[in-house]
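A short worksheet on the structure shown next.
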Amino acid sequence: MIEIKESTYDDIKNIQGLWADADVMKYIWPGGLQETEEGVKKWLDKYISTRPMSNHYSIFEDGKYCGETAYGIDEKNRCASLDIKLFSFARGRGIATKALSYAMEEAFKNGAETVWVDPNPANSKAIALYQRLGFVRKEMPEHVIALGEDPNVFAYMELK
């Protein structure tokens, strides 16, 4: 059974392990990201303090941690960025589809009119997932570039 729950401080060790996994992070942080517990806590505090305009979820299958998904709503532009990361053992089994769909639903429920992702163009499996969910590749909007996203590095995709 797949469970998607709001992340808490009890999930910090799981998140640390996910980020440190070189395979999970190969398209965003080659070699993995080594972050301290305190660093992850401060990062998670931002989600917790801004719920429901942003939220971070931990994904479990039969009690085993599989990864994370999250959204963050830009209230001015009524759009939400989405993110998902899964360990390799959890990929290709519908977990990402279910978890990302859940995060999208929550973002729309909390005011987003558009959701977007910006995968690395080399991450063909992620792009295929987003396309299956209905995302369409478009030119990256200025308000997303202003967040520090690089249209020369990432493939912007959105869903209304």
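The values are calculated or read from the model by the stated rules, or taken from the named source; none is laboratory data. What you see is a predicted model, and the numbers here were worked out from it, not measured in a lab. As a convention, Cβ positions derive from the backbone with ideal geometry for all residues, glycine included, and neighbour counts pool all protein chains shown. To get the accessible areas, we keep the full protein, side chains included, count just its heavy atoms, and leave off ligands, DNA and RNA. Shrake-Rupley method; radii C 1.70, N 1.55, O 1.52, S 1.80 Å.
Would you check if there is a residue in segment 131-150 being among the small types (G, A, S) and within 11 Å of the chain's Cα centre (by Cα)?
Looking for residues that are among the small types (G, A, S) and within 11 Å of the chain's Cα centre (by Cα), one finds none in segment 131-150, hence no.
Given the options A128, A146, A122, A155, name the one that is open to solvent by 30 Å² or more (accessible area, probe 1.4 Å), touching a residue at least 24 places away in the same chain (Cβ under 8 Å) and farther than 16 Å from A70 by Cα. First the steps, then the outcome.
Values: A128 fails: touching a residue at least 24 places away in the same chain (Cβ under 8 Å); A146 fails: touching a residue at least 24 places away in the same chain (Cβ under 8 Å); A155 fails: open to solvent by 30 Å² or more (accessible area, probe 1.4 Å).
Answer to the check: A122.
Just checking: which of the helices (runs of 4 or more DSSP H) contained wholly in segment 1-90 hold 3 or more residues that are free of Cβ contacts under 8 Å to residues at least 40 places away in the same chain, of a type outside the set (S, T, N, Q) and more than 29 Å from E113 (Cα to Cα)? Break it down stepwise before answering.
Working: elements: 12-20, 22-25, 37-50.
Ranges flagged: 12-20, 37-50.
Which of the residues that make up segment 116-160 are assigned to a loop (DSSP other than H, G, I, E, B), farther than 17 Å from K26 by Cβ and not charged (D, E, K, R)?
Keep residues of segment 116-160 that are assigned to a loop (DSSP other than H, G, I, E, B), which gives 118-123, 133-135, 138-141, 146-156, 160.
Filter once more, so that each one left must be farther than 17 Å from K26 by Cβ: 133-135, 138-141, 146-152, 156, 160.
Listed by number, the residues that qualify are L133, G134, F135, M140, P141, A146, L147, G148, P151, N152, Y156.
Kindly establish whether D62 is at pLDDT 95 or above and open to solvent by 40 Å² or more (accessible area, probe 1.4 Å). Working first, answer last.
Working: at pLDDT 95 or above: yes; open to solvent by 40 Å² or more (accessible area, probe 1.4 Å): yes.
So D62 fits the description; yes.
Which one of these does Y9 not meet: (1) surrounded by fewer than 19 Cβ atoms within 10 Å (Cβ to Cβ); (2) aromatic (F, W, Y); (3) closer than 16 Å to I84 by Cα?
Going through the list (1) surrounded by fewer than 19 Cβ atoms within 10 Å (Cβ to Cβ); (2) aromatic (F, W, Y); (3) closer than 16 Å to I84 by Cα, Y9 breaks only (3).
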